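Trainee: Please see the structure below; I have some questions.
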Amino acid sequence: MWHELASVKPLQGPNVKVVVEILLSHDEIERLRLRESREENRSLFQQAQDPMYLVEPHTKRVLKANQAFLARLGYTAEEAERLTLSELIASNDMQKIEMDIQRIMASGEEITTEQVWRRKDGTLIDLQVTMSVIQYGRRSKVFGLASEDK
């Protein structure tokens, strides 16, 4: 492959500069679109009315939580991101939740469960939580969407 590259003649002529500028402009446009898309996604996540969170599947540590999650449970973003699910979930079925997370990670399916969560002040709240796997960065994470248990 290196020999093939070494034998390629450099581009020459008056249009080469224009072509390179167009290619660079196209790359820059794509970067801007990607950045805008990420900002829109962050905004949607933060402004959603239902609590949403992202969890590292192996450690069960909260990586991100939206404003609704923080307000409902009484934590700051910094406090929430130091917690694990076992510190947030008050019910005795943490073992079931760990099995659900393993199943989600293995199959990619979505699971909805009833869970009892503990607020920062110690009070309990019944939530219906839908968990699924998403790609975050280069790794799979658990995404949770909670709503009041009906």
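Computed from the coordinates by the stated procedures, all read-outs in this text should not be read as laboratory data. Everything numeric here is computed off the predicted structure, so don't read it as measured data. FYI the Cβ positions are ideal-geometry reconstructions off the backbone, even for glycines, and counts take in every protein chain you see.
Trainee: Does segment 66-146 come out rounded, prolate or oblate, given a ≥ b ≥ c as the square roots of the eigenvalues of its C-alpha gyration tensor, rounded meaning a/c under 1.5 and, failing that, prolate meaning a/b above b/c?
Mentor: Because a/c hits 1.5 or more and a/b fails to exceed b/c, segment 66-146 counts as oblate.
Trainee: Here is a follow-up. Please turn the phi angles of segment 48-62 into ³J(HN,Hα) values with the Karplus equation 6.51 cos²θ - 1.76 cosθ + 1.60 (θ = phi - 60°), one per residue in order, whole Hz, x for glycine and proline.
Mentor: Computed from phi, the couplings for segment 48-62 are 4, 6, 8, x, 10, 8, 10, 10, 6, x, 7, 8, 6, 7, 6 Hz.
Trainee: For T84 and T130 in one chain, what is 0.36 nm times their gap in residues minus the Cα-Cα distance, to one decimal in nm?
Mentor: Using 0.36 nm per residue and subtracting the Cα-Cα distance, I get 14.8 nm.
Trainee: Is there a quick way to get the dipole size of segment 73-117? I mean about its Cα centre, with the Cβ of Lys and Arg at +1 and of Asp and Glu at -1; what is the value in debye to the nearest 20?
Mentor: Around 100 debye, computed over segment 73-117.
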